[in-house]
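Report on the following structure.
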């Protein structure tokens, strides 16, 4: 085979290899990593909610229903439910009057902390954040929960003498963090904003 024929043969071989590689690449299937479903929720617009109870707070306008009821307890107590039908979730608030009784306050704090600890069994992680607002006399803790726990966020807040409030976020569906992740992250911001906006009514 002379030099010209060798060059033609090699050139044709290279071209053939390129075509084979291109067609082979088109048929190759590359597995893609799993990802969370992206859901777009509207930007939160907050307004002050004046419920018939000894406190007020900021509520996202996306919440369609706010209900309140008086609870049976040794002290003046209220339950407030903030419903998000579109996100299939509810923020539950429970208010208890401390009445200047240190034993009441101690018991309320223990109950709130035990409630959060109950979720560690199924949670992947729980992050706690201390909250303090001296101007409004509001002190407490905010907890964010990741994993297949029943509640994805909780908090408690008090002025240490008269007021005690606990809050928790729940979804209607059976806990599955992958499926509720977008809604959980959205409502975690709402419940934190709620806590940070609490104003006591003396």
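The values are calculated or read from the model by the stated rules, or taken from the named source; none is laboratory data. These numbers come from a predicted model, not from an experiment. No Cβ is skipped: glycine too gets one built from the backbone with ideal geometry, and neighbour counts run over all protein chains shown.
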Checklist entry - Which residues, taken from segment 143-152, are under 18 Å from residue 90 (Cβ atoms) and assigned to a strand (DSSP E or B)? => result 143, 144, 145, 151, 152
Item to check | Those residues of segment 153-179 which are more than 20 Å from residue 95 (Cα to Cα) and free of Cβ contacts under 8 Å to residues at least 40 places away in the same chain, in sequence order | outcome: 174, 176
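To keep it simple, each residue is scored yes or no on (1) modelled with pLDDT of 95 or more; (2) within 20 Å of residue 42 (Cβ to Cβ).
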site	(1), (2)
146	no, no
157	yes, no
175	no, no
190	yes, yes
193	yes, yes
201	no, no
Checklist outcome for this item: Within segment 118-137, of all residues that are within 19 Å of residue 170 (Cα to Cα) and surrounded by 12 or more Cβ atoms within 10 Å (Cβ to Cβ), the one modelled with the highest pLDDT is 128
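Does residue 90 fit the bill of being buried (at least 16 other Cβ atoms within 10 Å of the Cβ) and either more than 13 Å from residue 163 (Cα to Cα) or free of Cβ contacts under 8 Å to residues at least 12 places away in the same chain (or both)?
Yes; evaluated as a whole, the condition is true for this residue.
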Checklist entry - Does residue 165 qualify as being surrounded by 14 or more Cβ atoms within 10 Å (Cβ to Cβ), part of a helix (DSSP H, G or I) and either more than 24 Å from the chain's Cα centre (by Cα) or at negative phi (or both)? => result no
Checklist entry - Out of all the residues in segment 102-125, is one or more touching a helix residue (DSSP H, G or I) at 6+ places or on another chain (Cβ under 7 Å) and in a strand (DSSP E or B)? => result no
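Say whether the condition of being over 15 Å from the mean Cα position of the chain (by Cα), part of a loop (DSSP other than H, G, I, E, B) and assigned by TED's automatic domain parsing to the domain that holds residue 56 is met by at least one residue in segment 173-194.
There is at least one residue in segment 173-194 that is over 15 Å from the mean Cα position of the chain (by Cα), part of a loop (DSSP other than H, G, I, E, B) and assigned by TED's automatic domain parsing to the domain that holds residue 56.
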Item to check | Complete set of residues in segment 70-81 that are free of Cβ contacts under 8 Å to residues at least 24 places away in the same chain and either on the phi > 0 side of the Ramachandran plot or under 24 Å from the mean Cα position of the chain (by Cα) (or both) | outcome: 79, 81
